[in-house]
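Working notes, structure below.
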Amino acid sequence: MATVREGNQRVLLVVDMQVGVMREAWNAARIIKNVSRVVERARANGVPVIWVQHSDQDLPSGSPAWQLVPDLTPAENEPLIHKQFNSSFEQTPLEQELARFGATHIALAGAATNWCIRATAYGALDRGYDLTLIKDAHTTETIDLENGVRIEAATIIDELNIAMTWLSYPDRTNSVATAAEVDFRA
């Protein structure tokens with residue numbers, strides 16, 4: 001059973017907005033712009049921003065593809081979490097950073113929708129956090145399956161946005177909001 005977090009302290013979690021992740025991502029330029037706007041709004045409202053950066057065999061640490069996209073730069077006081085699994089919570093200090101800020105509500109943006117965003121969203125809810133998925137600030141690539149089926153990136157994104165409106169956990173809230181709508185007021 002999850003420990004439900006008391007209060008309404010918000011944080012913005014920006015996941016894997018890296019050159020190699022965004023290179024082939026659907027609508028990348030618009031998503032980067034929306035994430036940048038959300039980061040600016042969070043900072044303007046005094047909401048902590050936590051950054052996550054993934055590494056694996058396809059995204060080696062320190063490589064050009066591993067770097068954050070040039071338009072998104074963590075401020076000096078903003079934590080940067082390094083991860084090797086889809087969920088930003090697995091074997092990282094993310095929970096300690098969230099506790100340091102007294103976080104109870106996570107606004108989530110980044111990539112890739114079907115892997116790291118989905119895993120992080122469910123990980124947050126499983127750990128008792130409230131969650132807002134920023135529906136126009138996450139993206140992924142189209143998937144071509146071996147059987148010839150093609151799953152368009154826009155469909156993957158829409159599916160997670162819908163799931164986050166219908167998903168239900170006891171004593172927690174989850175929702176979606178656009179970059180312009182996300183509420184950073186506690």
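Just a few scattered comments:
- Residue, surrounded by the most Cβ atoms within 10 Å (Cβ to Cβ), within the stretch 153-182, restricted to residues that are of a type in the set (D, E, K, R) and in contact (Cβ under 8 Å) with a residue 60 or more places away in the chain: 172
- Odd one out for residue 38 among (1) out of contact with any Ser or Thr (no Cβ under 9 Å at 6 or more places or on another chain); (2) surrounded by fewer than 21 Cβ atoms within 10 Å (Cβ to Cβ): (2)
- Flag if residue 76 is surrounded by fewer than 17 Cβ atoms within 10 Å (Cβ to Cβ), among the charged types (D, E, K, R) and closer than 20 Å to residue 113 by Cα: no
- Criterion: surrounded by 14 or more Cβ atoms within 10 Å (Cβ to Cβ) and in contact with a His (Cβ under 8 Å, 6 or more places away or on another chain) - qualifying residue of 55, 61, 88: 55
- Any hit, the stretch 41-52, residues being in contact with a Gly (Cβ under 9 Å, 6 or more places away or on another chain) and closer than 18 Å to residue 141 by Cβ: no
- For residue 52, the conditions (1) under 26 Å from residue 185 (Cβ atoms); (2) among the hydrophobic types (A, V, I, L, M, F, W, C); (3) more than 15 Å from the chain's Cα centre (by Cα) are fulfilled apart from (3).
- Residue in the stretch 126-140 that is within 19 Å of residue 18 (Cβ to Cβ), part of a loop (DSSP other than H, G, I, E, B) and either among the hydrophobic types (A, V, I, L, M, F, W, C) or in contact (Cβ under 8 Å) with a residue 24 or more places away in the chain (or both) present: yes
- Residues within the stretch 1-16 that are of a type in the set (Lys, Arg) and not in a strand (DSSP E or B), tallied: 1
- Condition check for residue 117: under 10 Å from the mean Cα position of the chain (by Cα), under 22 Å from residue 151 (Cβ atoms) and modelled with pLDDT of 95 or more: yes
The values are calculated or read from the model by the stated rules, or taken from the named source; none is laboratory data. Everything numeric here is computed off the predicted structure, so don't read it as measured data. Neighbour counts are summed over all protein chains in view; Cβ atoms, including those assigned to glycine, are modelled from backbone coordinates with ideal geometry.
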